[in-house]
1. Please determine, in degrees from 0 to 90 and to the nearest 10, the orientation of helix 195-205 with respect to the longest principal axis defined by the Cα atoms of the chain, where the helix direction is its Cα long axis.
2. Give me 79, 96 sorted ascending by neighbouring Cβ count inside 10 Å, so fewest comes first.
3. Highest GNM mean-square fluctuation, the chain, Cα pairs closer than 10 Å: which of 82, 220, 120?
4. Out of 83, 242, 38, any idea which swings most in a Gaussian network model of the chain, alpha carbons joined below 10 Å?
5. For the chain, what is the calculated [θ] at 222 nm in deg cm²/dmol (nearest 500), taking -39500 (n - 2.57) for each run of four or more DSSP H residues and dividing by its residue count?
6. At q = 0.11, 0.23 Å⁻¹, what is the base-10 log of I(q)/I(0) for the stretch 162-252 according to the Debye formula with one equal point scatterer per Cα and no solvent? Please give it to two decimals.
7. Sort 216, 34, 43, 91 by Cβ crowding within 10 Å, fewest neighbours at the top.
8. With Kirkwood's inverse mean 1/r over C-alpha pairs for Rh, give me the Rg to Rh ratio of the stretch 9-147, two decimals please.
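Throughout, read-outs are computed from the coordinates displayed, never taken from laboratory work. Here the structure is a predicted model, which is why all the values come from computation and not from measurement. Please note: Cβ atoms are built from the backbone with ideal geometry, for glycine as well, and neighbour counts cover all protein chains shown.
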């Protein structure tokens, strides 16, 4: 029997000035999909009243608060402290990746620098996050889809984002082109592409892509809803797991 691979060791660094405590539970549930949070730190001036709402969340999730005083009004020294810690961890800790929680473009270069060392960077932020920071990450997750408990998401099929209808999905030309081009890029001679490979191809082009942004928990559900693709489920591998394959419907006619 092949040994079970060790999960990725991750550092979760949170900019308290640009993150909401209401998303903490969903945030760490999402982080668990990528690995284990070995380091959990949050940066801010904890003498200010606006950060008091974080206290309960820090205790629940064992997040270490890092104090950084604001020496100058209107200037954020939190960013500098977080960047310095990240670089220290990059060279001293045995990590496989970083989760940077902020909507601030100041972390764009940090994300790029970490990736230059071969480590994964997963960004978490609001939809106002500058595009430069989003594309500097391997993966970027908008926190509004993480704000509600998983039970509530399963009831209506998605997070806080309303589920888009088939008509709305088909009218989103950017989405249609992204899905079709990604399928074509890795399809075999018969036009079929493994769904897992398609997902990886999409994210490599658009780090913030997530079916939950359209109200669908899974990529397959998004493909089913848009009704422009053939879908086939077949046994795959020596243990008979089920693999999902998709093909552009128009290309197969």
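1. Compared with the principal axis, the helix lies near 50 degrees.
2. With the sparsest Cβ surroundings first, the list reads 96, 79.
3. 220
4. Fluctuation is largest for 242.
5. The helix contribution divided over the chain gives -10000 deg cm²/dmol.
6. One equal scatterer on each Cα of the stretch 162-252 leads to -0.29, -1.24.
7. Ascending number of Cβ neighbours within 10 Å: 91, 34, 216, 43.
8. Values: Rg = 13.8 Å, Rh = 14.9 Å.
Dividing the radius of gyration by the Kirkwood radius yields 0.93.
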